[in-house]
1. Would you be able to say whether some residue in the range 152-171 is hydrophobic (A, V, I, L, M, F, W, C), in contact with a Ser or Thr (Cβ under 8 Å, 6 or more places away or on another chain) and away from ligand 2 (no atom under 13 Å from the Cβ)?
2. Quick check, is residue 133 within 14 Å of ligand 1 (Cβ to nearest atom) and open to solvent by less than 10 Å² (accessible area, probe 1.4 Å)?
3. Which one of these is part of a strand (DSSP E or B), touching a Cys at 6+ places or on another chain (Cβ under 7 Å), open to solvent by less than 40 Å² (accessible area, probe 1.4 Å) and modelled with pLDDT of 95 or more: 100, 88?
4. Please work out which one of (1) open to solvent by 70 Å² or more (accessible area, probe 1.4 Å); (2) in a loop (DSSP other than H, G, I, E, B); (3) near ligand 1 (Cβ under 10 Å from one of its atoms) is the condition residue 80 fails and give its number.
5. Applying the selection to the range 156-209, what residues are farther than 12 Å from residue 133 by Cα and among the polar types (S, T, N, Q)?
6. In the range 40-76, what residues are buried (at least 17 other Cβ atoms within 10 Å of the Cβ) and either assigned to a helix (DSSP H, G or I) or touching a Gly at 6+ places or on another chain (Cβ under 7 Å) (or both)?
7. Would you please name the residue that is modelled with the highest pLDDT, looking only at residues in the range 105-130 that are crowded, with 17+ Cβ neighbours inside 10 Å and within 14 Å of ligand 2 (Cβ to nearest atom)?
8. For the range 24-49, what are the residues that are at pLDDT 95 or above and aliphatic (A, V, I, L, M)?
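The values are calculated or read from the model by the stated rules, or taken from the named source; none is laboratory data. Since this is a predicted model, take the numbers as computed values, not measurements. Note that each Cβ is placed from the backbone with ideal geometry, even for glycine, and that neighbours are counted across all protein chains shown. Surface areas here come from the heavy atoms of the whole protein model, side chains and all, with no ligands, DNA or RNA. Shrake-Rupley method; radii C 1.70, N 1.55, O 1.52, S 1.80 Å.
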Amino acid sequence: MEMVHVLDHPLLQHKLSILRDETTGVKDFREIVCEIATLMCYDATRNLPLQAVEVQTPVAKAVTYQLAGKKLAIVPVLRAGLGMVEGILTLIPSAKVGHIGLFRDPDTLEPVKYYCKMPTDIADRDVIILDPMLATGGSASAAISFVKEYGVKNIKLMNILAAPEGIARVRKDHPDVEIYVAAVDDQLNDHGYIVPGLGDAGDRIFGTK
Ligand code: PRP
Ligand code: URA
């Protein structure tokens, strides 16, 4: 099974190019992060199980398919992952939402956990972890480990932009996790920023630069 999905749809690439532009302001940046999450959600949920149901159309009876009721949860990594939440809930309004607070220590680049709150039935749910940026992969790997500690079996990771280093780290630490990204950039710079990237996603979503 393919474990890394690069969703290079033209609409995603167009919107991503606006995110990358340093002149894009906070309002547009925030809206586009949300729109990209919705578009990526379409692909990341492609394998949701269906069940056959019979409905009466105005013309005849039809056997048709609805979602089999598999329970989902999304887990944004604070802060920047918050920007993707509404975009996912647009398509899956009944998903529950857990939160993990992590920030990257600017010197060591290691993730520091400061918050965690999960739905009580998270172990029964499939989980999509949300974070716009996959740089060294330290934050994503730690977030996946935290979610696994709750007994979750099926985890997907959704990032808008990834560095090859981040993908390699998550593949190594969590080979069972499928990764969905809109683009893979060239490399990381000495400060752990994705190059060319889009800058600091959290600062650009919340206007805190
Ligand atoms: C950013 C980003 C990821 C992390 C990626 O968060 O949203 O969580 O860095 O870097 P990594 O792959 O090297 O771990 P940041 O630590 O800047 O926190 P913020 O979302 O609160 O701005
Ligand atoms: N976090 C960001 O927000 N941007 C990067 O380029 C790397 C980590």
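1. Yes; the residues of the range 152-171 include at least one that is hydrophobic (A, V, I, L, M, F, W, C), in contact with a Ser or Thr (Cβ under 8 Å, 6 or more places away or on another chain) and away from ligand 2 (no atom under 13 Å from the Cβ).
2. Numbers: within 14 Å of ligand 1 (Cβ to nearest atom): yes; open to solvent by less than 10 Å² (accessible area, probe 1.4 Å): no.
No: the conditions fail for residue 133.
3. Details: 88 fails: part of a strand (DSSP E or B).
Of 100, 88, the one residue that is part of a strand (DSSP E or B), touching a Cys at 6+ places or on another chain (Cβ under 7 Å), open to solvent by less than 40 Å² (accessible area, probe 1.4 Å) and modelled with pLDDT of 95 or more is 100.
4. (1)
5. Selection gives 187, 189, 208.
6. Correct list: 40, 41, 44, 73, 75.
7. Step one: list which residues in the range 105-130 are crowded, with 17+ Cβ neighbours inside 10 Å, which gives 111, 116, 118-119, 122, 125-130.
After this cut, where a residue has to be within 14 Å of ligand 2 (Cβ to nearest atom) as well, the list is 111, 130.
Values: 111: 90, 130: 98.
Of everything passing the filter in the range 105-130, 130 is modelled with the highest pLDDT.
8. Result: 26, 32, 33, 36, 37, 39, 40, 44.
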